[in-house]
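What follows is one structure encoded as structure tokens, with my remarks underneath.
The values are calculated or read from the model by the stated rules, or taken from the named source; none is laboratory data. Owing to the predicted nature of the structure, the values given are computational and were not obtained by experimental measurement. Ideal geometry is used to build each Cβ from the backbone, glycine not excepted, and the neighbour counts take in all protein chains shown.
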Amino acid sequence: MSRIALIAHGRFRGTRTIGAVSEQIGYSAQFTERRLHAEFLARHLHPDVEVVVVAGGDGTLHEVVNGLMQRPPTARPSIAILPMGSGNDTARALGIRAGLPDLQRRLRQRSPVFWDVIRLTFTTTEGQRAQRFCINIADLGFGGMVMEQYDHRLRTIPLGLGYLVASFHALFSARPSMLQVVTGFQEREHPMLMACLCNSKWFGKGLGISPQADPSDGLMDITLVGDASPLDYLRFLPALWRGKPINDPRVEYLRSRAVLLVPAATMHLEIDGEYSGVGPVEAEVIPRQICFLA
């Protein structure tokens, strides 16, 4: 039997689910102990590991993907997601259900699904250029502002209340900023509330910000929300919850292999639900880099 590794978020240490998975695969879990630890663990997986089970949410998965992308393509194991986080938007896009029975079925069947990744180059809050890989969605603007507030001030508040407080703060304080958007086909510059670079469809705990996104087509879908207020964004929620296109002239859908986002003022960036820095942002698609069992 091929070797299966298990990387789990540290808050699930001692849970019955992780114990059952460890018993099932015959290997103990490696638990995260700090931020970016899952990335370190994924980068240093044993060479004979063919599947890595990722137990956690989108943030844990984001770190694992970034760790695997530092390995040669032939040395990247497949990923079997065990969704245990608060959002689980990548698992939602893959049609993966929570619980051990669904994981056991996927480990038996080994049906591969290859996804593109988006490579992003951006500016850290310290002013240095940095690079990360996005497996799901990156958001420059409103969503980045939510995560900046949440990460720096409110993450320790339990039961998801910190995220709720950060969201309300952004709703009452975010304003559209002038943003230049350059793709291989066109260029535009006007006030925007947010620019979402989408490999997949869902973000923000089940909001379908990019209804037509296909994570295996070699293109990123770009959703631009223009000169709209955060309260206008609330009016868009019924369509977002249904995963339908927003019928409003201030919302625009593009598709490109690469894009450059240059804000005139500070716009915050989140990648896969993790606060990362600020613009400007360069992004390009790298096709079929990560294999999921789904």
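Yes/no matrix, rows are residues, columns are (1) under 21 Å from the mean Cα position of the chain (by Cα); (2) outside any helix (DSSP H, G or I); (3) modelled with pLDDT of 95 or more:
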position: L107; (1), (2), (3): no, no, no
position: G127; (1), (2), (3): no, yes, no
position: V146; (1), (2), (3): yes, no, no
position: M178; (1), (2), (3): no, yes, yes
position: C196; (1), (2), (3): yes, yes, yes
### Pairs where the first residue, in the range 89-106, is of a type in the set (A, V, I, L, M, F, W, C) and the second is assigned to a helix (DSSP H, G or I), C-beta under 6 Å, 6+ apart
L100/A20
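Taking the conditions exactly as written (modelled with pLDDT of 95 or more and under 19 Å from D116 (Cα atoms)), does P215 satisfy them or not?
Values: modelled with pLDDT of 95 or more: yes; under 19 Å from D116 (Cα atoms): yes.
Yes, satisfied.
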#### Entry: The lone exception for L41 - which of (1) under 19 Å from F12 (Cα atoms); (2) in contact (Cβ under 8 Å) with a residue 40 or more places away in the chain; (3) of a type in the set (A, V, I, L, M) it fails
(2)
#### Entry: Whichever residue in the range 40-84 is assigned to a loop (DSSP other than H, G, I, E, B) and of a type in the set (A, V, I, L, M) and, among such residues, is nearest to E270 (Cα to Cα)
M69
### Task
Only residues that are of a type outside the set (S, T, Y) and closer than 14 Å to E274 by Cα: list them for the range 38-60, please.
A38, E39, G56, G57, D58, G59
#### Entry: Index of the failed condition, R76 passing every other in (1) of a type outside the set (A, V, I, L, M, F, W, C); (2) more than 27 Å from R288 (Cα to Cα); (3) touching a helix residue (DSSP H, G or I) at 6+ places or on another chain (Cβ under 9 Å)
(2)
### Message
I'd like the residue in the range 245-267 that is assigned to a loop (DSSP other than H, G, I, E, B) and charged (D, E, K, R) and, out of all such residues, is nearest to K201 (Cα to Cα).
### Response
R257
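Which is modelled with pLDDT under 95, in contact with a Gly (Cβ under 9 Å, 6 or more places away or on another chain) and not β-branched (V, I, T), of R235, R288, R242?
Only one candidate passes the filter, namely R242.
For every residue, the table says whether it meets (1) farther than 18 Å from G141 by Cα; (2) exposed (fewer than 14 other Cβ atoms within 10 Å of the Cβ); (3) out of contact with any Cys (no Cβ under 6 Å at 6 or more places or on another chain).
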site: R175; (1), (2), (3): no, yes, yes
site: V182; (1), (2), (3): no, no, yes
site: D214; (1), (2), (3): yes, no, yes
site: V225; (1), (2), (3): no, no, yes
site: Y233; (1), (2), (3): no, no, yes
site: P238; (1), (2), (3): yes, yes, yes
site: W241; (1), (2), (3): yes, yes, yes
site: P249; (1), (2), (3): yes, yes, yes
